[in-house]
Amino acid sequence: MNSTVDVESGPEAGTVTEAGTVTDPNTVSEADSAVEGGTVSEKEDLLATLAKHRHFLRYTVRDLTDEQAARRTTVSALCLGGLIKHVTATERSWVDFILGGDRQTDAESWMKQHQMLMGDTLTGLIADYEATAERTTEVVGSLPDLGVTRPLPEAPWFEPGARWSMRRVLLHLIAETSQHAGHADIIRESLDGSRTMG
């Protein structure tokens with residue numbers, strides 16, 4: 001599967017793949033040809049949308065040092081490196097859920113997801129995020145039906161007995177990633193005035 005999404009403006013104009021990399025805007029991919037022919041799969045649309053929001057989040061941390069990525073610039077406890085770390089862990093855990101695993105996370109581990117700890121580097125966090133994105137694309141590409149449901153784990157924030165389809169998991173990941181991309185944009189603008197868009 002080779003879904004792509006166009007980025008129409010800004011310094012990253014071109015095409016973003018599922019993993020969030022940018023290709024030459026003059027290159028026509030197989031997915032572009034499929035769209036021109038009037039056909040695109042639901043998986044391709046969802047993965048391309050997720051890739052676009054991953055790209056915006058990754059672009060927000062461009063050219064930063066580890067110290068800058070770890071800095072809190074607003075009243076929030078969030079930092080840019082911590083956001084990358086958190087969305088990586090969140091995406092990984094939801095893909096584990098798709099594969100039949102459990103998504104339980106203890107409170108201490110959840111808090112550490114939002115921080116850059118000793119030994120964490122922005123380069124390493126981004127590499128982990130890219131590897132997680134590739135795994136998501138591979139797993140979703142292998143699913144026979146996005147309508148298949150699984151019971152959600154017991155948690156105060158889930159309705160008892162609720163089930164989610166694989167489609168809903170992907171929609172949730174898109175929402176989570178885009179929400180945190182917005183958080184990251186505010187933190188970055190507070191850091192040095194840079195903005196992802198506008």
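Could you give the nm distance between label points at Met197 and Val139, where each point is 7 Å from its Cα heading toward the beta carbon?
With each label point 7 Å from Cα toward Cβ, the separation is 2.8 nm.
Could you order the peptides 171-177, 87-93, 155-161 from most to least packed, using the average number of other C-beta atoms within 10 Å per residue?
Top to bottom by mean Cβ count within 10 Å: 87-93, 171-177, 155-161.
Whenever you get a sec, compute what percent of the accessible area on region 76-195 sits on carbon and sulfur atoms (1.4 Å probe).
53 percent
The values are calculated or read from the model by the stated rules, or taken from the named source; none is laboratory data. The shown structure was predicted, so the numbers you read here are calculated from the model rather than taken from an experiment. Heads up, the Cβs are rebuilt from the backbone with ideal geometry, glycines too, and the neighbour counts pull from every protein chain shown. Quick note on the areas: whole protein, heavy atoms, side chains included, nothing else; ligands and nucleic acids left out. Shrake-Rupley method; radii C 1.70, N 1.55, O 1.52, S 1.80 Å.
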